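Here is the structure we will look at.
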Amino acid sequence: MLLTAAAYSIMTMAGLAGGDTGRVGESWLVSAYAVITLGELCLSPMGLSLVNKVAPARMRGLLMGGWFAATAIGNYLCGFIGGWWDDMPHSKFFAILVFASLGAALLLFLVLKHIRPTIKEAEDAHLQ
């Protein structure tokens, strides 16, 4: 989520640099895509592995399907949020996404201390 916030920060700066007209150099977009791709490469394989590791064996398939259902819901929400594109300056649009990503990162950080014992328990059971 921090890398997502960084990618949207790049796009916020691009919006400011282009005067919110949508006319900026392609290096802004390439840079943002590179950063968000790094975030995706960090999240997707490790997230699926974590679900596989901590899920009870009889519910593993259902919970992995839940991972992809959450992805589908996220994609739907992207379309909803994208509807705001024409209603506000582009830099403000991306700034909202920066703060939403930082909020999600904070939420994940706060939940992490409650998840760590479950991860440790799953690792110990896997080693036996």
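What follows is calculated from the coordinates using simple rules that are stated; it is not laboratory data. Predicted, not measured: the structure shown is a model, and the values here were computed from it. Cβ sites come from the backbone with ideal geometry, for glycine too, and all protein chains shown count toward neighbours.
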> Pairing the Cα long axis of helix 2-17 with the longest principal axis of the chain, what angle in degrees results, from 0 to 90 and rounded to the nearest 10?
Replying inline: 0 degrees
> Which one of Val24, Gly103, Val54 has its Cα pushed farthest toward the positive end of the charge dipole of the chain, where Lys and Arg give +1 and Asp and Glu give -1 at the Cβ?
Replying inline: Val54
>> At 222 nm, what value in deg cm²/dmol follows for the chain if DSSP H runs of at least 4 each add -39500 (n - 2.57) and the sum is divided by all its residues, to the nearest 500?
In response: -29500 deg cm²/dmol
>> Cut-off is 10 Å between beta-carbons; in what order do Thr21, Thr4, Thr118 appear when sorted fewest neighbours first?
In response: Thr21, Thr118, Thr4
> Fully extended, how many nm does the chain gain between Ser44 and His126 (0.36 nm per residue separation, minus their Cα-Cα distance)?
Replying inline: 27.4 nm
> Taking the Cβ-Cβ separation of Leu77 and Thr118 as r and a Förster radius of 30 Å, what is the calculated FRET efficiency to the nearest 0.05?
Replying inline: 0.65
> Using alpha carbons only, how many degrees (0 to 90, rounded to 10) separate the axis of helix 26-54 from the longest principal axis of the chain?
Replying inline: 10 degrees
> Taking amide hydrogens as modeled 1.01 Å from N in the peptide plane, which residues meet the under 5 Å criterion relative to Met88, leaving out close sequence neighbours?
Replying inline: none
